[in-house]
Protein chains: 2
Amino acid sequence: MAVEGLSINLATVRQQWTLTEACEACLRHGITAVAPWRDQIHKVGLDEAVRVIRGNGMTVTGVCRGGMFPSATSEGRQEAIDDNRRAIDEAVALGADCLVLVVGGLPQGSRDLGAARDMVADGIAAILPYARANRMPLAIEPLHPMYAADRACVNTLDQALDLCERLGEGVGVAVDVYHVWWDPNLASAIARAGRMGAILAHHICDWLVPTRDLLLDRGMMGDGVIDLRGIRGMIEAAGFLGLQECEIFSAETWWKRPGDEVLATVIDRFHAHCRT
Amino acid sequence: MAVEGLSINLATVRQQWTLTEACEACLRHGITAVAPWRDQIHKVGLDEAVRVIRGNGMTVTGVCRGGMFPSATSEGRQEAIDDNRRAIDEAVALGADCLVLVVGGLPQGSRDLGAARDMVADGIAAILPYARANRMPLAIEPLHPMYAADRACVNTLDQALDLCERLGEGVGVAVDVYHVWWDPNLASAIARAGRMGAILAHHICDWLVPTRDLLLDRGMMGDGVIDLRGIRGMIEAAGFLGLQECEIFSAETWWKRPGDEVLATVIDRFHAHCRT
């Protein structure tokens with residue numbers, strides 16, 4: 001039976017399966033949408049990824065990830081731009097809804113967040129003509145402030161939307177509840193994103209209490225404190241009716257369980273906690 | 001030789017020394033300002049804390065901490081209010097500059113951040129007449145968003161300032177670099193706090209990359225990525241010329257070193273990284 005409204009970010013089962021195995025498992029569970037990571041694509045090869053995904057008529061809610069623009073050197077920044085162009089190619093080949101951008105943090109040795117943020121704006125501006133020419137939307141994903149130093153110096157939805165306004169057509173946002181749930185301005189920022197037509201993706205998981213690791217201790221929906229249904233309501237009210245993409249990095253729990261158990265649990269929890 | 005401009009939050013040496021021992025050590029190192037935690041005060045007794053601190057003419061840059069207002073029950077919320085009144089008494093007895101408020105997170109079982117934030121506003125409003133009558137400023141400390149669930153649902157400086165405006169005279173903010181350094185609106189928020197005359201304390205430490213624990217892996221100034229001098233410049237430009245209070249929770253590093261080595265390092269790093 002088809003599961004409507006749900007996509008699986010393949011990082012959720014990255015320890016259990018290759019991209020091919022994960023897609024076939026999703027189809028067995030009635031899930032017809034996925035979001036692969038580039039290392040997963042490269043491991044099986046782009047042709048094989050295209051075969052299993054497009055050959056089965058699957059939706060791709062996003063390719064993870066472009067970004068990582070800041071660098072201490074101009075060579076480093078150019079390499080990032082070149083790599084982002086290849087990421088756009090891969091997203092196009094897979095027919096993805098968007099290329100997700102995790103924009104990058106401080107360059108090595110730097111304490112200058114403002115400069116890093118300028119490098120991000122410059123980097124996106126540099127790839128944007130290519131993205132537009134290929135009709136591939138770029139989704140800036142604001143990351144939780146605990147990743148400001150090492151992963152993304154865009155840390156609130158409003159900050160990402162300011163960037164979108166500055167950059168113009170072809171750039172929007174990925175709203176991941178894990179990163180934005182705490183924001184006192186969340187409701188107004190989501191409404192603003194809706195007015196801009198900027199919501200390109202909606203990622204779900206949960207925030208565990210306690211959280212034992214900054215990166216790899218995300219929770220299954222329902223096991224934490226995020227008001228998933230409430231945030232979904234805001235997103236739908238803002239006009240985004242697209243899929244919810246489940247993305248869980250969980251080194252000590254879900255990455256150790258059988259993949260089929262993980263998918264079955266995601267489906268149960270999606271129905272119990274995430275739909276309006 | 002006196003160390004000008006520096007205060008030691010006694011949590012920084014909580015594993016090494018009692019409040020009495022820590023104050024005496026600070027004086028040996030030329031540091032005449034401290035900020036004790038209430039458990040440290042209670043362990044030696046308030047009379048003894050007053051004796052060593054006031055008897056030696058020490059400055060108290062803050063008492064940590066009041067707050068923790070949200071609760072699932074009205075009894076729980078009343079207990080928090082009563083306990084905050086006792087915290088005000090202790091801060092007054094010690095001649096503190098302010099009582100620092102870590103406002104509390106979600107009540108057990110709740111996913112409603114908005115309700116928790118209302119409980120915080122109600123709790124501060126309930127103790128504010130007593131604080132005003134005792135001339136004890138209340139310093140709301142916005143905590144990093146990674147503590148929104150379990151420690152403080154006030155997570156940006158602007159959010160704290162909104163609360164100050166709502167509550168009126170007698171409430172300000174403690175600006176801890178660890179909690180606010182990532183904020184894209186930091187400069188404007190500090191300037192706003194200055195215009196409001198709301199800056200009551202400035203706490204320093206550093207953000208380590210990687211950070212291995214959400215609570216107990218704060219860095220020594222200079223070992224991380226925070227632009228300490230830059231933020232100090234903003235704070236001084238906003239009109240706050242008070243002490244910088246070093247507060248480091250470090251279970252695996254600084255709490256395991258001899259207290260005298262910690263204090264000597266704090267003094268060195270303060271001079272090297274924190275003064276404008």
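In terms of modelled amide H atoms, which long-range or inter-chain residues lie less than 5 Å from the amide H of residue A:33?
So residue A:33 has HN proximity to A:8, A:59.
What is the Cα radius of gyration of chain A over 2.2 N^0.38 Å, N being its residue count?
Dividing the Cα radius of gyration by 2.2 N^0.38 Å gives 0.94.
Go through region B:75-83 residue by residue and turn each phi into a ³J(HN,Hα) via Karplus (6.51, -1.76, 1.60, θ = phi - 60°); whole Hz please, and just put x for glycine and proline.
Computed from phi, the couplings for region B:75-83 are 4, x, 5, 5, 4, 5, 5, 4, 5 Hz.
Listing B:245, A:165 from the residue with the fewest other Cβ atoms within 10 Å to the one with the most, what is the order?
Neighbour counts put them in this order, fewest first: A:165, B:245.
Positive end of the charge dipole of chain B (Lys, Arg +1 and Asp, Glu -1 on Cβ, about the Cα centre): tell me which of B:219, B:73, B:200 has its Cα farthest that way.
The residue sitting most towards the positive pole is B:200.
Going by amide H atoms built from the backbone, whose H comes under 5 Å of the H on residue B:202, apart from near neighbours?
Those qualifying (amide H under 5 Å, at least 5 residues apart or on another chain) are B:175, B:245.
Could you work out, residue by residue across A:139-145, how many beta carbons of other chains sit within 10 Å of that residue's beta carbon, and then give the average as an integer?
2
List the residues, sorted by chain then number, that are 5 or more residues from residue A:172 or on another chain and whose placed amide H is less than 5 Å from its amide H.
Sorted by chain and number, the residues that satisfy this are A:138, A:139, A:140.
Across peptide B:223-234, what mean number of C-beta atoms from other chains lies inside 10 Å of a residue's C-beta?
Partner-chain Cβ atoms within 10 Å, mean over residues of B:223-234: 2.
Grab the beta carbon distance between residue A:162 and residue B:82, set R0 = 41 Å, and tell me the FRET efficiency rounded to 0.05. Could you put the intermediate results ahead of the total?
Working: r = 44 Å, r/R0 = 1.07.
The computed FRET efficiency comes out at 0.40.
How shielded is B:157-165 by partner chains, expressed as the average number of their Cβ atoms within 10 Å of its Cβ atoms?
1
Using θ = phi - 60° and the Karplus curve 6.51 cos²θ - 1.76 cosθ + 1.60, what whole-Hz ³J(HN,Hα) does each residue of region A:152-166 get, with Gly and Pro shown as x?
Each residue's phi maps through the Karplus curve to give 7, 8, 9, 10, 9, 5, 4, 4, 5, 5, 4, 4, 4, 4, 5 Hz.
How many angstrom lie between the Cα centre of region A:131-185 and the Cα centre of region B:218-266?
Comparing the Cα centres of region A:131-185 and region B:218-266, I get a distance of 31 Å.
When the Kirkwood radius is taken over all Cα pairs of the protein assembly as shown, what Stokes-Einstein diffusion coefficient follows at 4 °C and 1.567 mPa s, in µm²/s?
Reported coefficient: 52 µm²/s.
In sequence order, what are the phi-derived ³J(HN,Hα) couplings for region A:134-141 according to the Karplus relation 6.51 cos²θ - 1.76 cosθ + 1.60 with θ = phi - 60°, rounded to whole Hz, with x for glycine and proline?
Once θ is set to phi - 60°, the couplings for region A:134-141 become 9, 6, 10, x, 9, 10, 5, 9 Hz.
Which loop trypsin sites (Lys or Arg not before Pro) in region A:211-255, with loop taken from DSSP, have no more than 14 other Cβ atoms within 10 angstrom of their Cβ?
Numbers: sites: A:212, A:218, A:229, A:232; in loops: A:212, A:218.
Sites meeting the loop and neighbour criteria: A:212.
The numbers here are math on the coordinates, done by the rules we state, and not lab data. The shown structure was predicted, so the numbers you read here are calculated from the model rather than taken from an experiment. No Cβ is skipped: glycine too gets one built from the backbone with ideal geometry, and neighbour counts run over all protein chains shown.
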